[in-house]
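Structure record follows, encoded as structure tokens.
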Amino acid sequence: MPEGTTLGVLTSGGDAPGMNAAIWAACDAASRLGWRVLGLEGGWTGVLERRHRVLDPDLVLPWARRGGTCLGTSRLEGFLRHREAIDASLDALGIDRLLVFGGDGSLHASGLLAERRPVVAAPATIDNDIADSDTSIGFATAIDTALTQLDGMRDSAEALPRTFALETLGGDTGYLAAAVADAGGADLALVPEEPTPLADVIACVQIGLERRGYAVIVASEGYRELDACLAAVTDATGTRVRLSRLGHAQRGGRPNAADRILAHAFARHGVEFLAAQRSGRAVQRAGRIVLLPYVADARRRGAPVRR
């Protein structure tokens, strides 16, 4: 087993633009400390299978500007059942510090491994549903991707007035949809945390139609009965609602500047925390990266607010 410190870097859960930038920044920061870096491939499932490769900054740099994750990712059900096996795999690979980028499930799983070695987990999810963090890696790029589509829909709406709806990703949370609606000036955001009464949806659309001849709705994929809601809007207003679904393309694409800067900050601070033998959740608060204790549930609570 090599002497010195070995850092394991892992991406887990859904991919997010900026994960590759985070991997590169972690390699860069660790190499400056003389650490060896192992990229753990395929998320927690890959750890169980001990799939890995040695990383260095020059090797990863070409990937830093791309979407997805060069390490691959996965979702592992029943993490607690695999905890001892994962610990054994990390020990066998000689990993004595671990840096994880992922969503709420990844942050929770990381906390279960922190007894044996320092483990830092940073939020990388387009859903931006991590408690205590103002934002997460991938969120800003996912907003930009949706805005391109929303702007195109508005161009068509202004030329040929009608009602348009855009469904974003976001799982069962509406933070992404609310941010897209806010940035794009939509008439209405439909989020699963606070379903909007159908009468209010119809009234809002009707106001848009009366004022400018068209209306624009943004909805989260987790909004229940969306198709039925939009059909009712069509019946009530006499104007067909054109629905577009972004789908998983919203997860991909090159990370924008904001996500690259955020990814670099999370990675470099994560390495600093690990160098100080500290474990916890790295989150962004008021522009600063801070380390907080692990919690059983890392999900953000409450309904998103349009600003």
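The values are calculated or read from the model by the stated rules, or taken from the named source; none is laboratory data. Since we're looking at a predicted model, the values are computed, not measured. Glycine also receives a Cβ, built like all others from the backbone with ideal geometry; neighbour counts cover every protein chain displayed. With ligands, DNA and RNA removed, areas are computed over all heavy atoms of the protein, side chains included. Shrake-Rupley method; radii C 1.70, N 1.55, O 1.52, S 1.80 Å.
Does a label point 7 Å from the Cα of Ala275, set along Cα-to-beta-carbon, have any residues of the range 93-125 with amide nitrogen under 16 Å, and which are they?
97-99, 120
Using only C-alpha atoms and all pairs of different ones, pull out the Kirkwood radius for the range 1-138 in Å with one decimal.
14.7
Got a sec to turn the phi values of the range 195-209 into Karplus ³J(HN,Hα) couplings, 6.51 cos²θ - 1.76 cosθ + 1.60 with θ = phi - 60°, whole Hz, x for Gly and Pro?
x, 8, x, 4, 4, 6, 4, 4, 5, 5, 5, 4, 4, x, 4
On a 0 to 90° scale, report how tilted helix 226-237 is relative to the longest principal axis of the chain, with both axes built from alpha carbons and the result rounded to the nearest 10.
20
Please list His82, His52 in order of solvent-accessible area, largest first, computed with a 1.4 Å probe with all protein chains present.
Listed by decreasing accessible area, they come as His52, His82.
Could you give the nm distance between label points at Glu158 and Arg254, where each point is 7 Å from its Cα heading toward the beta carbon?
2.6
Taking the highest mean first, how do the peptides 105-112, 210-217 order by number of other beta carbon atoms within 10 angstrom per residue?
In decreasing order of mean packing, 105-112, 210-217 become 105-112, 210-217.
What accessible area per residue comes out for the chain, rounded to a whole number of Å², with a 1.4 Å probe?
It amounts to 43 Å² per residue over the chain.
In the range 109-170, if every C-alpha pair distance is counted and binned at 10 Å from zero, what percent goes to each bin?
Percent of pairs per bin, in order: 18, 31, 24, 15, 8, 4, 0.
Using a probe of 1.4 angstrom, how much of the accessible area of the chain is carbon and sulfur, in percent?
C and S atoms contribute 49 percent here.
Based on Cα coordinates alone, diagonalise the gyration tensor for the range 179-246, multiply each eigenvalue by 5, take square roots, and list the semi-axes in whole Å, largest first.
17, 14, 11
Output the antiparallel fraction of DSSP beta bridges having both residues in the chain, as a percent to the nearest 5.
25
Please compute one quarter of the surface area of the Cα convex hull for the chain and express it in square nanometres.
15.8
Show me 189-201, 264-276, 166-178 ranked by packing, highest mean number of other Cβ atoms within 10 Å first.
Descending mean neighbour count gives 166-178, 264-276, 189-201.
So for each of 39-49, 294-304 I average, over its residues, the number of other beta carbons within 10 Å; can you give me the resulting order with the highest mean first?
Those peptides, ordered most packed to least, come out 39-49, 294-304.
Any chance you could get the radius of gyration and Dmax over the Cα atoms of the range 65-215, in Å?
20.8, 67
Run the simple label-point estimate for Asp87 and Arg50 please: 7 Å along Cα→C-beta, distance reported in nm.
Calculated label separation equals 1.8 nm.
What residues qualify as long-range amide H neighbours of Arg245, i.e. H under 5 Å apart, gap of 5 or more or another chain, H built at 1.01 Å from N?
Glu167
How long are the semi-axes of the equivalent ellipsoid of the range 1-48, taking √(5λ) for every eigenvalue λ of the Cα gyration tensor, in whole Å from largest down?
21, 15, 5
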